[in-house]
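Reviewing the structure listed below.
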Amino acid sequence: MQIIDGKKISQEIIDKLKSLPIPQKIFAAILVGNNPQSESFLKQKEKVAKELGIDFRLYKFSDNLKNDDLRKEVLKIALLKKVGGVIAQLPLPEHINKHYVLNVIPREKDVDVLGERALGAFYNGRNLVLPLSVGVIDEILQTINYKLQTVSVAVIGRGFLIGKPIAIWLMDKTKELVVFGRDGNLSELKNYDLVISGIGKAGLIKPEMLKDGAGIIDFGYSINGEGKISGDFDVSEIENYKLKIENFGWYTPTPGGAGPILVAKVFENFYNLNKDEKLNK
């Protein structure tokens, strides 16, 4: 069984970026309210920005802001000439319409590719950068030299962060593609060579549910019954059922799998959006 080392892949991306000219633009990160998990994720991004020498600016807003007020503040930041990229750390407070806010980020500054202009361009195959989850998939598959054309792929989840963009990107790249909803019949997973999950439900996928030799890319992130960070794939079951290593192909662990690569992809997108001076004028 091969365990994909997301930290190693992430560092390779960061090291590659270090060899490039540093974008002379501000990386603007927006945080609304006091969400400890969101603050933790932003600290990870700030750490990478510091390593790369990028001007990282955090803009914090009260969770009492109304939709229109937050939208205006984000637009104000996004339109600054010195700002080269904008991210709004999700989740936003429940009363905020995330799409209404994200849609004001210009396509050429939309690092996460979550606004309608950037997403629309991506769905039509002409955006400047890939959505982060898609970039992670692409990076992992290239790293292990995995060929999609001859395999069957199952995507679990239809969310706009993980499932939907990945499924659309895979649509014309695989032999077969199926998308399961949150409550889909996962007994059919044994038919698929590659499983990609982003539900956020600890232990959702058991090893015995997978096809022999299958690979699994796990974007799930939640706290299990023991209070530990867990992905959708139940790694503990490998030992519990004493399955032979040969029953598996490879998987990304949580933590240390897709997450670190995703953070590196944030900055790869920032570099790509700012490598052409014309985009910054």
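The values are calculated or read from the model by the stated rules, or taken from the named source; none is laboratory data. Here the structure is a predicted model, which means the values were calculated and not measured. We place every Cβ from the backbone using ideal geometry, glycine too, and count neighbours over all the protein chains shown.
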Inset, instruction - Could you identify the single residue in Ala202, Ala154, Ala167 that is under 27 Å from Val266 (Cβ atoms), of a type in the set (Gly, Ala, Ser) and in a strand (DSSP E or B)? - result: Ala154
Inset, instruction - Identify the single condition in (1) assigned to a loop (DSSP other than H, G, I, E, B); (2) surrounded by fewer than 17 Cβ atoms within 10 Å (Cβ to Cβ) that Gln142 does not satisfy, given that it satisfies every other one. - result: (1)
Legend entry - Flag for Lys265 being buried (at least 20 other Cβ atoms within 10 Å of the Cβ), at pLDDT 90 or above, part of a helix (DSSP H, G or I) and basic (Lys, Arg): yes
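Is it the case that the range 119-128 has a residue that's closer than 19 Å to Asp218 by Cα, surrounded by 16 or more Cβ atoms within 10 Å (Cβ to Cβ) and not basic (Lys, Arg)?
No; the residues of the range 119-128 include none that is closer than 19 Å to Asp218 by Cα, surrounded by 16 or more Cβ atoms within 10 Å (Cβ to Cβ) and not basic (Lys, Arg).
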Legend entry - Of all residues in the range 228-262 being more than 22 Å from Leu194 (Cα to Cα) and at pLDDT 85 or above, the one that is farthest from the chain's Cα centre (by Cα): Lys228
Inset, instruction - Kindly provide the set of residues from the range 157-178 that are modelled with pLDDT of 95 or more and more than 23 Å from Gly115 (Cα to Cα), ordered by number. - result: Lys173, Thr174, Lys175, Glu176, Leu177, Val178
Inset, instruction - Please work out if Lys228 is touching a residue at least 24 places away in the same chain (Cβ under 8 Å), basic (Lys, Arg), more than 21 Å from Gln149 (Cα to Cα) and surrounded by fewer than 18 Cβ atoms within 10 Å (Cβ to Cβ). - result: no
Inset, instruction - Identify, by number, the condition in (1) more than 20 Å from Gly256 (Cα to Cα); (2) touching a strand residue (DSSP E or B) at 6+ places or on another chain (Cβ under 6 Å); (3) of a type outside the set (D, E, K, R); (4) part of a helix (DSSP H, G or I) that Leu70 doesn't meet. - result: (2)
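Is one or more of the residues making up the range 25-33 surrounded by fewer than 16 Cβ atoms within 10 Å (Cβ to Cβ), out of contact with any Lys or Arg (no Cβ under 7 Å at 6 or more places or on another chain) and either without any contact (Cβ under 8 Å) to a residue 40 or more places away in the chain or not in a helix (DSSP H, G or I) (or both)?
Within the range 25-33, not a single residue is surrounded by fewer than 16 Cβ atoms within 10 Å (Cβ to Cβ), out of contact with any Lys or Arg (no Cβ under 7 Å at 6 or more places or on another chain) and either without any contact (Cβ under 8 Å) to a residue 40 or more places away in the chain or not in a helix (DSSP H, G or I) (or both).
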